[in-house]
1. Check whether at least one residue in the stretch 74-83 is farther than 27 Å from Phe255 by Cβ and touching a residue at least 24 places away in the same chain (Cβ under 8 Å), and report yes or no.
2. Output the residues belonging to the stretch 190-213 that are among the β-branched types (Val, Ile, Thr) and either within 22 Å of Thr160 (Cβ to Cβ) or in contact with a Cys (Cβ under 8 Å, 6 or more places away or on another chain) (or both).
3. Which residue pairs have Cβ atoms closer than 6 Å, lie 6 or more positions apart in sequence or on different chains, and pair a first residue in the stretch 163-186 that is on the phi > 0 side of the Ramachandran plot with a second residue that is not hydrophobic (A, V, I, L, M, F, W, C)?
4. For the stretch 1-21, what are the residues that are aromatic (Phe, Trp, Tyr) and more than 26 Å from Pro254 (Cβ to Cβ)?
5. Any residue at all in the stretch 73-83 that's in contact with an Asp or Glu (Cβ under 6 Å, 6 or more places away or on another chain), crowded, with 17+ Cβ neighbours inside 10 Å and farther than 22 Å from Ile205 by Cα?
6. Keeping to the stretch 381-400, report how many residues are surrounded by fewer than 19 Cβ atoms within 10 Å (Cβ to Cβ) and part of a helix (DSSP H, G or I).
7. If you go through the stretch 112-128 one residue at a time, do you hit one that is modelled with pLDDT of 95 or more and part of a loop (DSSP other than H, G, I, E, B)?
8. Check every one of the helices (runs of 4 or more DSSP H) wholly within the stretch 2-70 and list those with 1 or more residues that are touching a Pro at 6+ places or on another chain (Cβ under 6 Å) and either at pLDDT 95 or above or hydroxyl-bearing (Ser, Thr, Tyr) (or both).
Amino acid sequence: MAYVLLRHREIPDLHKFDVYKKNGGLAAFKNAVTKMTPAEVIDVVKNSGLRGRGGAGFSTGMKWSFIDAKSWPHYIVANADESEPGTFKDREIMESNPLQFLEGLAIGAYAVGAHTAYIYLRGEFWQVAQILDEKIAEMEKAGYLGDNLFGTEFSLRIHTHLGAGAYICGEETALLESLEGKRGQPRVRPPFPPSVGLYNKPTIINNVETFTNVPMILANGADWYKSMGTADSAGVKIFSLSGRVRRPGNYELPFGTTFRELIYGEKNGAGVQDSRTVKAIMPAGASSSMIVVNGDDKVLDTPMDYASVRTLRAELGSASVIVLDDTVDIPWVINKTIRFFKHESCGKCTPCREGTFWMNKIVQRVSGADRTQKDLDLLMSVAKQMQGRCLCALGEFSTMAVVSGMERFPEDFQVKQ
């Protein structure tokens, strides 16, 4: 199957403007602006079944249709704050196939009536920002960005913006606060960004991978896209595979591909290091629940789509698949995840600010040889009291590995008598 998102692996120099255009690039954008109404563009995206690739998996076309038509101006923002441990797909797209991403962002801007688009990048991506700025300048020079594009009334400018490397700014309302020059902390919702977003105006926010799908969908049609993947999860997904596999990396595969094919396929992960047994899988990076495997064929043969992964009591999220083998100690894993979330908590809400602090203190004892049952009970109590009480998803995410690890791998938390 030909690549949809990682086309640079098949087409040399696809990042170059002339090469991208020769391979059909920017035709979908021009066609949308000159021959389609914004509503027609939204309908195609909606009918394709494209879901957001940032983690939530919400219908992209449906989200675009929520834009408030009574309040102007409109904005559109690409979330390029790729900070989830285990996720590294968006960086490859922006470095090696940037024009397809920018074209998708431009199509999205036309669809929602936005004349200004922002790309919010994590602070460590300053070199990526330079690449995008160069490509934006090339698009402007060639007449694909600017005023009255293609002789129409539609105008568009795209700007890059570097954050300061804060995980919390991957949450869309914290991103907007940071983009406005404020402290990157989440807003209380509702109202939601399609009604009240950037500068209190209607705003659509999508992930880099989401936008990168859009030009191919408009070029080939919704039915073409739905022919890949599953009924629940249409199209392809980039799975960022890491952990104890022989070949970590980004793998573009149709939704519905099994964990086994991703981990053991010769063109993919090529198996586990030292031929060990898979003990657990974290399908959504550090923020995901742990799936118990322990060599269970049924688990490994589970399709990787949103609905199927939920049957394993986990979420697919951004599909940052971390593989843990039977040499990995689960208390060590949760120690690592809690240290990260404690460091990245913005401190705005009490449950997350205090909860991550105390979980970090307790888990240091739990991950040692002298853990007590009292430590274990207290850690679980703190984690469960945080769930459902935090202002944004970060606090909830911080508890996932803790609760699932302790409940599903009790043998790793034995107390010495």
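1. Start the filter on the stretch 74-83 by keeping residues that are farther than 27 Å from Phe255 by Cβ, which leaves 74-75.
Filter once more, so that each one left must be touching a residue at least 24 places away in the same chain (Cβ under 8 Å): 74-75.
The answer is yes; a qualifying residue exists.
2. Of everything in the stretch 190-213, those that are among the β-branched types (Val, Ile, Thr) and either within 22 Å of Thr160 (Cβ to Cβ) or in contact with a Cys (Cβ under 8 Å, 6 or more places away or on another chain) (or both) turn out to be Thr203, Ile204, Ile205, Val208, Thr210, Thr212.
3. Gly165/Arg122; Gly165/Gly123; Gly165/Glu124
4. Correct list: Phe17 only.
5. No, the stretch 73-83 contains no residue that is in contact with an Asp or Glu (Cβ under 6 Å, 6 or more places away or on another chain), crowded, with 17+ Cβ neighbours inside 10 Å and farther than 22 Å from Ile205 by Cα.
6. 5
7. Within the stretch 112-128 (the criterion being modelled with pLDDT of 95 or more and part of a loop (DSSP other than H, G, I, E, B)), the answer is yes, since at least one residue qualifies.
8. Fully inside the stretch 2-70 and qualifying: 27-35.
The values are calculated or read from the model by the stated rules, or taken from the named source; none is laboratory data. No experiment lies behind these values; they were computed from the predicted model shown. Here Cβ is always computed from backbone atoms with ideal geometry, including for glycine, and neighbour counts include all displayed protein chains.
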